[in-house]
Amino acid sequence: ANPVFSLPGIDSLSVQLVEPDEQRDEFFGDTLMFDVKDDQYKTYRFIQFNSMNRDIVYQVKIYKSTNPTDLLVERVTLMMTLMVILFLAGIFILNRYIFASLWKDFFEAIEKLKQFETTKEPVVLGEQDIEEFDELKQALEDMTRRLAKDYRELKEYTDHTTHELQTPLAVIKSKTELLIQSKNLGAEEMKCLQAINTSIQQLSRLNATLTLITRIENRQFTEKEKIKLTELLDRHLELLEEHIDLRNIKVQKNYRDENTVLYMDQGLADLLIVNLLKNAIVHNIDGGSIVLEVLENCLIIKNDGAHLQFRPEDLFTRFVRDTSRSGNFGLVLSLVKKVCETYNFSIDYRHENQQHTFILQLKP
C-alpha cells in the first residue's frame, strides 16, 4: 500500500494498488476513523475511485471529516432557535404591554358590569381616549341607568300593589265569611259564596307569595342562624303528619350525616323545607312514599308520581304549573329557587322509575 499523503482541503488520502479483478466503481460513503489527537472515533465522508498510471491501477480514497460541519449545523440551529425564541418573547411582551394599555378601559368596564346590580347605582365609567370605547361607555351607562330606573319603578309598583291589595282582600274575605254564616241564604247563594271565598283565599295566598318573593329578591332577609337540617326536617314532618296520614303516604328517613347545618335566616329555612315537603306530598300518589336522604351538605327528597306535563327545565319557572290541580299557581318551586339563589345553594330535579327526585346541594 502507498503511504497517505496530506493535500490542501482534505483530511487524509489513501492510495492502494488493486488487482484488475478487485476494481470497484466510484462511490461515496461514510465511515468511522480513530483520531489519535482527540483519542476518539470521528465520522468521515469519503470518495473512492480508481486511477490508472502506466497500466497500473490504483484505488484512491479521499477522506473529509464531518465533525466541523456537524458542529456548525448545531451552532447555527441553536442560534436560530434562540433568535426565534427571543423574537417571539419580545413580540409577546411588547404585545402584552400594548394590549394591556390599549384595552385597559375595556376590561375596567367589564369588571364594573360584572359587579353591577339593579339595586345599586348605575355604572359610571371613566373618560375614554379611544372613540369607539367612548361610544361603548355612553351606551353602557345609558343601559345600566335605564335598567336601574326600570327596576326601581317595578319594585315600587310591586310593593304598592301587594300592599294595597291586602286591605280590600281582607275586607272581601271577612264580608264573605259573614254572609256564609247568614241563615237567610239559599243553597245556590251559599254555593256562590263558597266559590267566592275559595277564590279570595287563593288570591290572598298569591299576594302573600308574591310579596315574599319580592322581599327575597330585595334581600330583606339578612339574619343568619345555625340550623340543624335533620331537626328542621323532623319538625316539619311532624307538623305535616296529618296531611301525610290523610293520603296514606309512607316516609322513609335516611340520615347519613346528622351534622349537616344550614347557615341562613330561620324563616327562609322553614320556607325552603316546608315547600319541598309539601311539594312531595301534593304531587305524590295515594299510598305512595317519600324518601328523605341527608348526606354531607346535601338533601335528597324523592316521592312517587307520574311524569310532568311540561318540560323539566321549566319546573322552577314562575307560574309554570300542573293544570290538572286547582289552586296551584306554580309559585312554590320558584320560591324555593329564589331562596337557593339567595344562599348560593343549587337544586336539581330528575324523574326516574316513577319517582320525582329533588337534590338540594348546600354551600359547604
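The values are calculated or read from the model by the stated rules, or taken from the named source; none is laboratory data. Worth saying up front: this structure is predicted, and the values here are computed from it rather than measured. Note that we place each Cβ from the backbone using ideal geometry, even for glycine, and neighbour counts take in every protein chain shown. Areas reflect the complete protein model, heavy atoms only, side chains present, ligands, DNA and RNA absent. Shrake-Rupley method; radii C 1.70, N 1.55, O 1.52, S 1.80 Å.
Observations on the structure shown:
- Within the range 232-259, restricting attention to residues that are open to solvent by less than 90 Å² (accessible area, probe 1.4 Å) and of a type in the set (Asp, Glu), the residue that is farthest from Asp304 (Cα to Cα) is Asp257.
- Odd one out for Phe310 among (1) under 24 Å from Tyr343 (Cβ atoms); (2) open to solvent by 40 Å² or more (accessible area, probe 1.4 Å): (1)
- Selection from the range 329-354 of residues that are touching a residue at least 40 places away in the same chain (Cβ under 8 Å), crowded, with 16+ Cβ neighbours inside 10 Å and in contact with a strand residue (DSSP E or B) (Cβ under 7 Å, 6 or more places away or on another chain): Val336, Cys340, Tyr343
- Positions within the range 153-169 being open to solvent by 60 Å² or more (accessible area, probe 1.4 Å) and either closer than 12 Å to Thr214 by Cα or touching a helix residue (DSSP H, G or I) at 6+ places or on another chain (Cβ under 8 Å) (or both), in sequence order: Leu154, Lys155, Glu156, Tyr157, His160, His163, Leu165, Gln166
- From Phe107, Phe46, Phe87, residue being modelled with pLDDT of 75 or more, out of contact with any helix residue (DSSP H, G or I) (no Cβ under 7 Å at 6 or more places or on another chain) and under 30 Å from Glu127 (Cβ atoms): Phe107
- Selected residue (criterion: modelled with the highest pLDDT) from residues of the range 329-348 that are in contact with a helix residue (DSSP H, G or I) (Cβ under 6 Å, 6 or more places away or on another chain) and not in a helix (DSSP H, G or I): Ile347
- Residue check, Ala208 within 27 Å of Cys340 (Cα to Cα), small (Gly, Ala, Ser) and buried (at least 18 other Cβ atoms within 10 Å of the Cβ): no
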